[in-house]
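K.L.:
Please find one structure pasted underneath; my questions will follow.
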Amino acid sequence: MAENRENLLTRFRSLRDNGEAIIGGGAGVGISAKAQVSGGVDFLVVYNSGRFRMAGLGSLAGLMPYGNANDAMLDLVEEITAVSSSTPVIAGVCGTDPTTSMDRLLIAVKERGCAGVQNFPTVGLFDGVFRKNLEETGMSFSNEVDMIAKANGKDLLTICYVFTAEEARLMAIAGADMIVVHFGLTLGGSIGAQTTLKLEDCTEIIDDCAQAARDINPDIFILCHGGPVAMAADAEFVIQNAKHCHGFLGASSMERLPAEIAIARTAREFKDIRTTTQKVTP
């Protein structure tokens, strides 16, 4: 059975009060989850993009019509909870799905042993006319806010991606326990972003979002994610320079980039082996 919400909040408050960063990791395959648990992550997030990411495809595939996001998440939850019983698992729920009963889906998530939910896939990653059209036709960020409010009513921990101060405010009103300020697709690696924010700009964005959320709930947790915040040093810079940032949630940073780097290095080490050339006696 998943650890209850209040116990998790108490643990996170203790980390925050002791000056320890709260660290979450996205897991798209069981071995990644096991390794992250071994490394001490405080929670795991499971959503459909993890499958694509660990299949060598871009994480944004999770926002495209390449399968049912919520069904993929439920399948992946089974795999991840089987190997990470000691660490809370957070389910990435597509709250804009008009074909799904959110109440039934949230019950299913809880029955599978998840301690909480997150709003992913999220329309927050879309902008321009397409985003406006989504908002106009009933597939809006407000649907994700409504999902978070329902999850709170079911005693699920709520960890919410936000992109603007207004979204942070709305999620705080809905009762979000934690907001994660999302800076976009993670930089680096073979399938990472090449176009992103500057690291120095992230602190101002997170401060604006934090202020908006804390005006509603001064106890809310603030984390950062994505964009140029790809490595531990990047996260440390943002956490230490923002006014209110209590940790980091990594997805590509926690599994794709480490796998790419370590596997390539190991393969090169094996490839560098030289055989002993023996002289053939006639």
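K.L.:
Looking only at Gln36, Gln240, Gln211, which one moves most when the chain is put into a Gaussian network model with springs between Cα atoms under 10 Å?
P.N.:
Per the Cα network of the chain with a 10 Å cutoff, Gln240 tops the list.
K.L.:
Using modelled backbone amide H atoms (1.01 Å from N, in-plane), which distant-in-sequence or interchain residues come within less than 5 Å of Phe221's amide H?
P.N.:
Result for Phe221 returns Met178, Ile179.
K.L.:
So what's the back-of-envelope 222 nm ellipticity for the chain, counting only DSSP H runs of four-plus at -39500 (n - 2.57) apiece and dividing by all residues, rounded to 500?
P.N.:
-14000 deg cm²/dmol
K.L.:
Something else now. Once phi is turned into θ = phi - 60°, what whole-Hz ³J(HN,Hα) does the Karplus curve with 6.51, -1.76 and 1.60 give for every residue of the stretch 196-209, x standing for Gly and Pro?
P.N.:
7, 6, 7, 4, 5, 6, 5, 5, 5, 5, 5, 5, 5, 5
K.L.:
Name the most mobile residue of Tyr66, Tyr161, Tyr47, meaning the one with the largest mean-square fluctuation, in a Gaussian network model of the chain with Cα contacts below 10 Å.
P.N.:
Tyr66
K.L.:
For Ser85 and Ser142, what does the FRET efficiency come to when R0 = 45 Å and r is the distance between their Cβ atoms, rounded to the nearest 0.05?
P.N.:
The computed FRET efficiency comes out at 0.80.
K.L.:
Then there is this: Quick one, which of [x] 180; [y] 163; [z] 229 is the actual volume of the Cα convex hull per residue in Å³ calculated for this model?
P.N.:
Answer by label: [y].
K.L.:
Based on the Cβ-Cβ distance of Met231 and Arg104, what FRET efficiency does E = 1/(1 + (r/R0)^6) give at R0 = 45 Å, to the nearest 0.05?
P.N.:
0.70
K.L.:
Any idea how far the Cα center of the stretch 123-139 sits from the one of the stretch 30-98, in Å?
P.N.:
Value for the Cα centre distance between the two parts: 24 Å.
K.L.:
Name the residue, out of Arg214, Arg104, Arg169, whose mean-square fluctuation peaks in a Gaussian network model built on the chain with Cα pairs under 10 Å.
P.N.:
Evaluated over the chain, the most mobile residue of the options is Arg104.
Readers should treat all values here as calculations from the given coordinates under stated rules, not as data from a laboratory. This is a predicted model, so every value here is computed, not measured. Neighbour counts run over all protein chains shown; Cβ positions are idealised from the backbone, glycine included.
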